[in-house]
Amino acid sequence: MASIAIPQPKQYPLPRSWFEIGPGILLLAVIGLLGKLIERSIALYGKSHHLHLPNVEYVLWAILIGFAVRNTVGVHPIFDAGIGTYDFWLKSGIVLLGARFLLGDVALIGGISLGLVAVEIAVSLAFMTFLGRAFGLNRDLTALLAIGSSVCGVSAIIAAQGAIDADDEDASFAIAAILSLGALSLLVFPAIGHWLHMSDYTFGIWSGLAVDNTAEAVATGAIFSDNAQKFAALAKTARNAMIGFVVLAYALRWAATAKTKFEGSKAGFLWKKFPKFVLGFLLISSLASVQFFDKAQTASLGNLSRWAFLLTFAGVGLRTDVRALGKQGARPFVVGFLGEVLIAVFTLGLVLASAHYARF
Amino acid sequence: MTTFNTFRNLFGLSTDAAAVWTALALAVLVRWGWLKHIPW
């Protein structure tokens, strides 16, 4: 079946020529820096005029500028390859962020996150499957929406599409719903977090659990605070680590109904689907734990991680094309929206309860 | 070369691999003082 064009970053083989990716990376940098400049200018203006202006993080400015560029003047194809590197910057940023976590913290917070992730995945899969059936969506699209909203957005959908042999069109519908809802989360979640006076920890873990795509989850945390971004990245990384298990379960279930055939070992499948950058994050965190880096070096690595995220956030706005998302039809979006609201409320309760009992 | 291939196979030639290697290279540059005082 023909697929509908979705503004998905293409996966390019590495290494790429700098001439191909240079213009797009430069555009990401310009937009990210512009976001930082706007944040600083507003803060300076407020200070010099003794005004209490709300602090809007550069993250939101970068996303909004990228979004405005994509949906007004558009983006020339010469920039596409460079914009597609936003996923690389996101993963590099998360690996470098490992320097700001000691392994003990990763074990403790990651362990708590994994427990919450397990509950979140089970409930999300059940919610989305129920809603998909109630709205009469086909089995494959329901499964893709359930996997996308329970585990990790676009990459989970792409991984599952191959495993359950779903149509390109179903995958496009699911990706469109997940991306649209991720864009809404950027605005809604921080507002709710401030309204409920959530701590950086609880907000970060909530973002990591409830926002589907990794870039949007980290950006949502960053819009709230720098510290919340750190926890959002950790919780989302724990969630991403589960991708293989969920996709394997679906692949086996689909194989049992003879629509697809499962070949190879389960362990090999799990390793293939496991997001390897998680190992890089753990490696850097281990080095930080044995004091391989001094305080100034840890600060430098933290700042390098922030620069990588700056490029990522510009890419989040630049790849969101409202016209392409609008072509996908209402039903998957309605199912996705209802499911996401339920999941957001459920995970909020889960995080607040765990913070209360664990006294974070 | 064998060690390199083991690592290359471990991470695969993917975006994940590029991200991990880049981050590790930056960490080494920072650790041995070739990259200092990165501002934000």
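The values are calculated or read from the model by the stated rules, or taken from the named source; none is laboratory data. Note that the structure is predicted; figures quoted are calculated from it, not measured. Positions of Cβ are generated from backbone atoms using ideal geometry, with glycine treated the same way; all protein chains shown enter the neighbour counts.
Considered as a group, the residues in segment A:278-302 that are more than 24 Å from A:ALA235 (Cβ to Cβ) and outside any helix (DSSP H, G or I) include one that is nearest to the other protein chains (Cβ to nearest Cβ), and that residue is A:PHE292. Taking A:ALA126, is it under 23 Å from A:VAL151 (Cβ atoms) and among the small types (Gly, Ala, Ser)? Here the answer is yes, as A:ALA126 does meet what is asked. The criterion of at least 1 residues that are without any contact (Cβ under 8 Å) to a residue 60 or more places away in the chain and buried (at least 24 other Cβ atoms within 10 Å of the Cβ) is met, among helices (runs of 4 or more DSSP H) falling completely within segment A:168-270, by A:168-195, A:200-210, A:214-224, A:226-240. Across segment A:156-167, the qualifying residues are those that are out of contact with any Gly (no Cβ under 6 Å at 6 or more places or on another chain) and not in a loop (DSSP other than H, G, I, E, B), and the one among them that is modelled with the highest pLDDT is A:ALA160.
Is it the case that A:ALA99 is assigned to a helix (DSSP H, G or I) and crowded, with 24+ Cβ neighbours inside 10 Å? Yes; evaluated as a whole, the condition is true for this residue.
Checking each residue in segment A:55-82 for being within 21 Å of the chain's Cα centre (by Cα) and surrounded by fewer than 17 Cβ atoms within 10 Å (Cβ to Cβ) picks out A:VAL56, A:ALA68.
Would you be able to say whether some residue in segment A:269-285 is over 21 Å from A:ALA215 (Cα atoms) and modelled with pLDDT of 85 or more?
Yes.
Check segment A:115-129 and report whether any residue there is within 14 Å of chain B (Cβ to nearest Cβ) and farther than 28 Å from A:ASP170 by Cα. Checking segment A:115-129: not a single residue is within 14 Å of chain B (Cβ to nearest Cβ) and farther than 28 Å from A:ASP170 by Cα.
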